[in-house]
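The values are calculated or read from the model by the stated rules, or taken from the named source; none is laboratory data. Just so it is clear, the model here is predicted, and its values are computed rather than measured. Backbone-built Cβ (ideal geometry, glycine too); neighbour counts: all protein chains shown. Only protein heavy atoms, including side chains, enter the accessible area calculation; ligands, DNA and RNA are left aside. Shrake-Rupley method; radii C 1.70, N 1.55, O 1.52, S 1.80 Å.
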Amino acid sequence: MAARIRILSENLSNKIAAGEVVERPSSVVKEMVENSLDAGASEIVVEIEAGGRRLIKVSDNGCGMSREDALLALERHATSKIVTDDDLLSISTLGFRGEALPSIASVSRLTLSSREKGSVEGTEIYAEGGVIRHVKARGMADGTVVEVRNLFFNTPARLKFMKSAETEAGHVADHITRLALSRPDVRFVYLNDGRVVFRALKSDLRERALSLLGRSMAAQISSVDREDGGMRLHGLAARPECSRSVASHLYTFVNGRFVRDRVLQHAVLQAYRRFLEKGRYPVAALFLSLPPGDVDVNVHPTKHEVRFREQSRVHDFITSTLEGMLHSTPWKQRPAPETVSPGVAGEPVAERRVAEVRDSLTAYQARTSVAAPSALKEIPFHRVPVTEKVPAQIAAPTPDLTRSDVTQPTPVAGFFSSLSFIGQYAGAYLVCCDGEDLVLVDQHAAHERVAFERFRREFSVGSVESQGLLFPEVIEFSHSESAVVDEHLPLLKKLGFHLEDFGGTARVAQSVPRMLAKRDFIRVLRDVVEELSLLGRSRSFLDIQEEILMRMACHSVVRGVHLMSGAEAAALFNALDSVGFATNCPHGRPVFRRISREEVEKMFKRV
Ligand code: ADP
Ligand code: MG
């Protein structure tokens, strides 16, 4: 019988390797830019067309390759970066597996042009689906240019997984952002369909981070640098208020390589734990350096995972370094985020003044629309500083969602409105009677449920009701976030956020969901954008729709002590009766609890 086991052809094994290394256009960009950095380039230009599907081109001014080397570079396991087993223990380059070029060549039409410093001419090699079609001399500057056309043209299954051009371009921006953060000394230019997305000049880390993540971060970031026992942690970390709902802005690097590592992430979160709510992630770019022998980067072909020899020592070093930084900054003196007005936290005086005037005018706008002209005298031009003790009524105004109901109560028959209201307990619970029973209502859970149902209803029949901002708010996004914003503009509009271009990656919010107008809508918007960015990857909109609406509802509610009048309580009860699932908040916490007369009597040992 003939043998059934065969050695795979080189081309086929390259295609299989490509499955691991080349997931999408951004992976090609990552591999090529890493090669350019390993080649000592001081300038790297990345250009893509049609989200990288039509063209990905990476040019550098690095050391270049001779004709022989350029041909070898396309062979599997050909690398100039390691020679012996021992070299694996002291890797100082980004690449070493010798897989990227042949893998990419096997799933695209690839042109590799390179000219070694000092040689008279360059070489151009053209390969189609991994098969070399021509090799010729070419006049060019020193360095290397790799052009990848029609990625996945011969692997239809992969092609099907490609997302829209905007999403893919966003992923590319993500990868270049990481690489550019890791090497501020290298000039990076990124062009998408002929348009310059960013141009990062040679600079230091702080300047690089601001140019990539937004200048508005300038006042929010602090630097950290500590060395101990052969390890060094340096970089930048933002104040806790800049937190995000996903770890997308937590950039961690080990020996100059971007990694997403569980141990590192845990160590960072541990340091921030007292300043951040659960589920929030800080914004930071942190670089850990340690002897190459203490960390194994050869865990996965994309090298995004690492293994530390002394995991807990690394963890503790990072946590203690960041804790030290967080405790020595004035941030910790800041009140908890809930008690701070949106946009006021830590801004320079001038900006705070603008915020004050804007708030006053917004309040004015809201009042004049319902009040008689004589009410003009009561315009609250004085803003109460958040640090002062203020009457609860001012600190926690009535949530908008009940306001209209207070003025024109529309009784709705139902359980909640049938309760007789006794009073409020601890500024957070409504104490009521239902016949013989005592009923406690958690007003926050109730508000959240009502807001969620309103958002859901408005969203399903058209769009979430929005309110124009008298002073439109400029919001700076990262490159990949702005790509997500552009792609989902109509959806964001349906969610009540009307955004317009403001040059570069900044967008201006003309109007925002009405129920969020007086809350931290920027934070909510950022969270929503982060949720939407997951769409391109693994999830469908239906999966995240509830989560988004829940998040919006959660932020539309006033936290902390909130005194309520009987009329407000009645309005809330009416609202509760008009929505479904009123017995639990969107997160599943109960809205009310019943204590029977018998239980009360038992408490007093009467029965
Ligand atoms: P690796 O980076 O793991 O060595 P690659 O397949 O990415 O494997 O590249 C193979 C080899 O081609 C590299 O080791 C390097 O010698 C050479 N090479 C690739 N890109 C460049 C470049 N931009 N400039 C100079 N040499 C390069
Ligand atoms: Mg490489």
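Some values worked out for this structure:
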| quantity | calculated |
| --- | --- |
| Per-region count, the range 505-533, residues open to solvent by 40 Å² or more (accessible area, probe 1.4 Å) and either without any contact (Cβ under 8 Å) to a residue 12 or more places away in the chain or of a type in the set (Phe, Trp, Tyr) (or both) | 0 |
| Scope the range 197-210; condition open to solvent by 50 Å² or more (accessible area, probe 1.4 Å) and in contact with a strand residue (DSSP E or B) (Cβ under 7 Å, 6 or more places away or on another chain); matching residues | 199, 201, 202, 206 |
| Failed condition for residue 86, given (1) more than 14 Å from ligand 2 (Cβ to nearest atom); (2) touching a residue at least 12 places away in the same chain (Cβ under 8 Å); (3) open to solvent by 50 Å² or more (accessible area, probe 1.4 Å) | (2) |
| The range 414-434, residues that are part of a helix (DSSP H, G or I) and out of contact with any helix residue (DSSP H, G or I) (no Cβ under 7 Å at 6 or more places or on another chain) | 418 |
| Residues of the range 117-171 satisfying the condition of being modelled with pLDDT under 95, within 30 Å of residue 532 (Cα to Cα) and open to solvent by 60 Å² or more (accessible area, probe 1.4 Å) | 153, 156, 157, 158, 160, 161, 163, 166 |
| Within the range 96-113, tally of residues that are near ligand 1 (Cβ under 6 Å from one of its atoms) and modelled with pLDDT of 95 or more | 0 |
| Residue 501 within 20 Å of residue 467 (Cα to Cα), open to solvent by 50 Å² or more (accessible area, probe 1.4 Å), of a type outside the set (Ser, Thr, Tyr) and without any contact (Cβ under 8 Å) to a residue 24 or more places away in the chain | yes |
| Yes/no for residue 114 being open to solvent by less than 20 Å² (accessible area, probe 1.4 Å) and either within 16 Å of ligand 2 (Cβ to nearest atom) or more than 27 Å from residue 152 (Cβ to Cβ) (or both) | yes |
| Condition check for residue 93: of a type in the set (Val, Ile, Thr), modelled with pLDDT under 90 and either open to solvent by less than 50 Å² (accessible area, probe 1.4 Å) or within 12 Å of ligand 2 (Cβ to nearest atom) (or both) | yes |
| Odd one out for residue 475, checked against (1) open to solvent by 50 Å² or more (accessible area, probe 1.4 Å); (2) part of a strand (DSSP E or B); (3) β-branched (Val, Ile, Thr) | (1) |
| Members of the range 28-42 found to be of a type outside the set (A, V, I, L, M) and away from ligand 1 (no atom under 12 Å from the Cβ), listed by number | 42 |
| Any pair with Cβ under 8 angstrom, 6 or more apart, that starts in the range 545-572 at a residue that is more than 26 Å from residue 534 (Cα to Cα) and ends at one that is open to solvent by 40 Å² or more (accessible area, probe 1.4 Å) and among the acidic types (Asp, Glu) | 559/338; 560/338 |
| Matching entry among 491, 499 (being under 27 Å from residue 250 (Cβ atoms) and in a helix (DSSP H, G or I)) | 491 |
| Criterion: out of contact with any strand residue (DSSP E or B) (no Cβ under 8 Å at 6 or more places or on another chain) and closer than 16 Å to residue 522 by Cβ - qualifying residue of 497, 459, 471 | 471 |
| Breaking point among (1) of a type outside the set (D, E, K, R); (2) away from ligand 2 (no atom under 16 Å from the Cβ); (3) under 25 Å from residue 182 (Cβ atoms), for residue 130 | (3) |
| Some residue of the range 161-179 being touching a residue at least 12 places away in the same chain (Cβ under 8 Å), within 30 Å of residue 218 (Cβ to Cβ) and among the polar types (S, T, N, Q) | yes |
| Some residue of the range 443-457 being in contact with a Leu (Cβ under 9 Å, 6 or more places away or on another chain), open to solvent by 40 Å² or more (accessible area, probe 1.4 Å) and among the polar types (S, T, N, Q) | no |
| Residue selected from the range 72-95 under the condition outside any loop (DSSP other than H, G, I, E, B) and near ligand 1 (Cβ under 10 Å from one of its atoms), by the criterion nearest to residue 293 (Cα to Cα) | 73 |
| Flag if residue 37 is more than 16 Å from ligand 2 (Cβ to nearest atom), in a helix (DSSP H, G or I) and either under 30 Å from residue 167 (Cβ atoms) or open to solvent by less than 80 Å² (accessible area, probe 1.4 Å) (or both) | no |
| Among (1) touching a residue at least 40 places away in the same chain (Cβ under 8 Å); (2) within 13 Å of ligand 2 (Cβ to nearest atom); (3) open to solvent by less than 60 Å² (accessible area, probe 1.4 Å) - the single one residue 78 does not satisfy | (1) |
| Selected residue (only one of 10, 47 is open to solvent by 30 Å² or more (accessible area, probe 1.4 Å), away from ligand 1 (no atom under 12 Å from the Cβ) and under 29 Å from the mean Cα position of the chain (by Cα)) | 47 |
| Unmet criterion (only one of (1) within 16 Å of residue 15 (Cα to Cα); (2) touching a Lys or Arg at 6+ places or on another chain (Cβ under 8 Å); (3) within 16 Å of ligand 1 (Cβ to nearest atom)) for residue 155 | (3) |
| Among (1) near ligand 1 (Cβ under 9 Å from one of its atoms); (2) free of Cβ contacts under 8 Å to residues at least 24 places away in the same chain; (3) not aromatic (Phe, Trp, Tyr), the one test that residue 62 misses | (2) |
| Of all residues making up the range 211-244, the number that are in a strand (DSSP E or B) and either open to solvent by less than 60 Å² (accessible area, probe 1.4 Å) or in contact with a Pro (Cβ under 6 Å, 6 or more places away or on another chain) (or both) | 11 |
| The listed residue being within 27 Å of the chain's Cα centre (by Cα) and more than 14 Å from ligand 2 (Cβ to nearest atom), out of 66, 59, 42, 26 | 26 |
